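Reviewing the structure listed below.
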Amino acid sequence: NAGVMQNPRHLVRRRGQEARLRCSPMKGHSHVYWYRQLPEEGLKFMVYLQKENIIDESGMPKERFSAEFPKEGPSILRIQQVVRGDSAAYFCASSPPGYSYNEQFFGPGTRLTVL
Amino acid sequence: AQKVTQAQTEISVVEKEDVTLDCVYETRDTTYYLFWYKQPPSGELVFLIRRNSFDEQNEISGRYSWNFQKSTSSFNFTITASQVVDSAVYFCALSSQVSQGGSEKLVFGKGTKLTVNP
């Protein structure tokens, strides 16, 4: 049973370009969380999605960032017009649906470098 | 608001020493979960433990042990007889139990970088 997959693992962009980060949750998981880890910092929550719905985007920057989790396919975190401050590791985590607390399983992360 | 504080930014020990990583949390919720994750130099996040707020029993797993004390809002992590392979950044995290469909986002501390020297 494959774990959470993220691609690409490393992404280099120049300022002003767009970055697209993909996250394929574990089989049977319909909840996806995105976190950002700035250099020398802990992870910070960005957004929580269920299939076709954004549930909590309280951690998303107001501009340039967007996320989706379509009915089919991976979840996408999109950063438009990247700036140097966007350089970070972006982790996604998935969890199964259910009423009780569900553990989040983390992917290996995508390391974004903005030149 | 929820908050996790890991006051120790970096710790350096010599192999076979015991080391304790501190974690203090803040929450107004009565039901919550506490976690520890390990991030080795390769960068991935490795889940170590989850405890819920109603279970204050200490836990031991091999050389790892955790001490959860609600009275002091602490969830400390001890590595006994440390090894070089334990060198990593360790994160403590907090989450609240919410109703179905609610966000169970994790709030992380800034991490403690542990270096175990041979």
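The values are calculated or read from the model by the stated rules, or taken from the named source; none is laboratory data. Treat the numbers as computed from the prediction; the structure is a model and nothing was measured. Glycine also receives a Cβ, built like all others from the backbone with ideal geometry; neighbour counts cover every protein chain displayed. Just so you know, the surface numbers come from the protein's heavy atoms only, side chains and all, with ligands and any DNA or RNA stripped out. Shrake-Rupley method; radii C 1.70, N 1.55, O 1.52, S 1.80 Å.
Before moving on, here are some points about what is shown:
- For chain A, a simple Cβ point-charge model (Lys and Arg +1, Asp and Glu -1, everything else neutral) yields a dipole of about 460 debye relative to the Cα centre.
- In this Cβ point-charge picture (+1 for Lys and Arg, -1 for Asp and Glu), the protein assembly as shown has a dipole of about 880 debye about its Cα centre.
- Computed from protein heavy atoms with a 1.4 Å probe, the total accessible area buried between A and B is close to 2000 Å².
- Nonpolar atom fraction for chain A, defined as the carbon and sulfur part of the 1.4 Å probe accessible area, stands at 48 percent.
- Accessible area (Å², per residue) of segment A:21-65, counting only protein heavy atoms and a probe of 1.4 Å: 51
- Spin-label pair B:SER42/B:LYS3, simplified geometry with 7 Å Cα→Cβ offset, distance in nm: 3.6
- Normalised contact order of segment B:1-70, rounded percent, pairs of Cα under 8 Å and 6 or more residues apart: 22
- Measuring nothing but how far apart in sequence close Cα pairs (under 8 Å, 6+ apart) lie, relative to its length, chain A scores a relative contact order of 36 percent.
- Other protein chain Cβ atoms within 10 Å, averaged over every residue that makes up A:43-52: 3
- Of all accessible heavy-atom area on chain B, the percent that carbon and sulfur account for (1.4 Å): 48
- All-pairs Cα distance distribution in chain A, expressed in whole percent, bin size 10 Å: 15, 49, 30, 6, 0
- Karplus-derived HN-Hα couplings along segment A:53-63 (A = 6.51, B = -1.76, C = 1.60, θ = phi - 60°), whole Hz, x at Gly and Pro: 9, 9, 8, 8, 10, 5, x, 7, x, 5, 10
- The residue list A:ASN7, B:SER95, B:GLY62 was ranked by how far each Cα lies along the charge dipole of the protein assembly as shown toward its positive end, using unit charges on Cβ atoms, and A:ASN7 comes out on top.
- 31 Å Cα-Cα threshold exceeded, pairs from B:LYS70/B:LYS113; A:LYS71/B:LYS105; A:LYS71/B:LYS3; B:LYS16/B:LYS110: A:LYS71/B:LYS3
- Normalised by the number of residues in chain B, the mean separation of alpha-carbon contacts (under 8 Å, six or more apart) gives a relative contact order of 37 percent.
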